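First up is the structure itself, then whatever we jot down about it.
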Amino acid sequence: MIEASGCPTRPRSPRSTPRIWSRLEPADLLFVFGTRQDEVLRADTACRLWRDGLFRMAIVSGGVTPGSHLSECAVIKPLMVQGDVPADRILEEHRATNTGENVMFALPVIDAAIGLKNIQSVICLGNTWTGRRYAMTLHRHWPKAEKMLLTVDNFATPRERWHEHPEFRRRVLAEWDKIEPYKKKGFIAEWP
């Protein structure tokens with residue numbers, strides 16, 4: 001697991017321990033999927049990854065959602081900068097309103113700033129209940145880059161007991177129901 005390095009925005013608690021779905025190794029890019037839930041936790045996790053030397057560049061992707069005048073990117077990036085990730089190491093995408101758009105709108109930003117051909121590996125960072133779909137969406141649009149997945153959430157329920165918490169269960173099952181239809185529509189691709 002990742003060592004806690006005390007990001008200044010929030011102390012780490014046992015219930016907010018990141019879940020590593022795939023072995024994490026240093027990556028060329030951290031892809032932070034936007035959210036309106038657990039934004040601070042997501043930024044804190046990115047800070048720990050930075051301090052542990054697990055990425056060289058990051059992109060935060062997420063647009064304006066109902067109830068806010070700020071994009072998800074405009075909320076998460078400053079938290080990462082506050083936690084010592086250099087601002088010039090964080091690319092920004094402010095239009096996406098769903099996971100597919102996160103990827104489709106972020107890829108041109110990454111290509112213009114770094115060049116997609118220069119990115120061999122990516123860590124996907126997002127919610128536990130949506131986790132696998134992040135990597136599957138990225139894999140559909142960018143199959144050549146190696147993908148690693150790290151998820152976070154603030155549920156007090158251990159992840160292996162997600163089915164015992166009504167809201168956690170609702171979120172996981174809602175995402176599960178999207179997988180096959182999204183594969184059939186070509187929105188996502190199977191990912192190991």
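The values are calculated or read from the model by the stated rules, or taken from the named source; none is laboratory data. What you see is a predicted model, and the numbers here were worked out from it, not measured in a lab. Cβ: placed from backbone, ideal geometry, glycine included. Neighbour counts: every protein chain shown.
Between a residue in the stretch 35-46 that is under 16 Å from residue 68 (Cβ atoms) and any residue that is acidic (Asp, Glu) and at pLDDT 95 or above, which pairs come within a Cβ distance under 8 Å, given they are 6 or more apart or on different chains?
Hits for this filter: 35/72; 36/72; 39/72.
How do the pairs read when you match residues in the stretch 142-159 that are assigned to a loop (DSSP other than H, G, I, E, B) with residues anywhere that are β-branched (Val, Ile, Thr), using Cβ under 8 Å and keeping only pairs 6 or more apart or on different chains?
142/103; 142/122; 145/119; 145/122; 153/128; 155/128
So, in the stretch 90-114, exactly how many residues are touching a helix residue (DSSP H, G or I) at 6+ places or on another chain (Cβ under 8 Å), touching a residue at least 60 places away in the same chain (Cβ under 8 Å) and surrounded by fewer than 18 Cβ atoms within 10 Å (Cβ to Cβ)?
Of the residues in the stretch 90-114, 1 are touching a helix residue (DSSP H, G or I) at 6+ places or on another chain (Cβ under 8 Å), touching a residue at least 60 places away in the same chain (Cβ under 8 Å) and surrounded by fewer than 18 Cβ atoms within 10 Å (Cβ to Cβ).
Would you mind telling me which numbered condition in (1) closer than 30 Å to residue 165 by Cα; (2) out of contact with any strand residue (DSSP E or B) (no Cβ under 7 Å at 6 or more places or on another chain) residue 35 fails?
Unmet for residue 35, out of (1) closer than 30 Å to residue 165 by Cα; (2) out of contact with any strand residue (DSSP E or B) (no Cβ under 7 Å at 6 or more places or on another chain): (2).
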